[in-house]
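None of the figures in this text is laboratory data; all of them are computed from the coordinates on show. Fair warning: this is a prediction, and the values are worked out from it, not measured in the lab. Counting neighbours? That spans all protein chains shown, and the Cβs are built from the backbone with ideal geometry, glycine included.
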């Protein structure tokens, strides 16, 4: 679909449907995160054992993501997303039922596997809608994921404040979110494979293009994970701020990312993916420098705000570029998602290990160096840069996939 050609009603409707799917997906994450203390107490495990258990979602996601393309090929994109999203929303119930460490690890493995597969399916559909609209929407979709996570967190915080049993809370949340997800999936695009199209392999190494794009995503998610998990500690331990101000820094960072993602599509449409990520890398690096050099909490908070602004749109653009980088979008998106999930897994522990050996200041110096990598290697996202083709001849409109 080119500029000057009005997108079909189906495509416009699919855009809002997949946006709702992203919000539902985020709400599950927010609902779980706020009840982790309750789950730890119920399972009767130590902080160290909890850390082991919390590695299993990323492990499950990394192993299961390559299966999403095969499931979509077998069932069609709409049915596949409906099934995978329902698995994800219903898996929210499992962790709160776990009576001990082994059961919790298994529950979180299933939780992560369903999260990863539904993540790949919804991002692939988001890229397809973006292609048909011929304008950036992926940043906004990820912004709605962040918004959903905030809503889920708010509901979880209220439930925790009221002393509600997490088993009841998560059962109710899973029921509501499963229903909302099923309704949203009714209107997403329903793409069916060609009759002679070979199904993708169950497991395959991501293509080289996805590895390069994933490296950009790795840098962004590393900075995000470090900031989310360590910003409050940085203000408390490094700058002697109050507990309330330290917590407010983390909340402000999350809100900054959500707002930047929702507004980011206009920037991407105006300047293109490559220039946007280069500018984002500069902003993130400046934020890192402020954090490292800060001598007051206000300066550090400004640095974290710049960091959030700088990395907000990078991961959505990585998914968009992956989806256009080869003949198998789901496989490429799964490869990028696996790399970014891995980054999110290793970032908090890497920051802590380096801080233990040196200091938190040195740890965020590493984050600043990785932020510079965003600016230096943004060119690998040219597959997602729509501005390259705007001056060329118009392409033929994409045919309606319905029979």
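Quick rundown of the values:
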read-out	value
For 135, 208, order by how many other beta-carbon atoms lie within 10 Å, fewest first	208, 135
Highest average packing first - 361-373, 156-168, Cβ atoms within 10 Å	361-373, 156-168
The range 259-281-the range 63-109 distance, computed between alpha-carbon centres (Å)	32
Protection proxy ranking of 266-277, 294-305 - average other beta-carbon atoms within 10 Å, highest first	266-277, 294-305
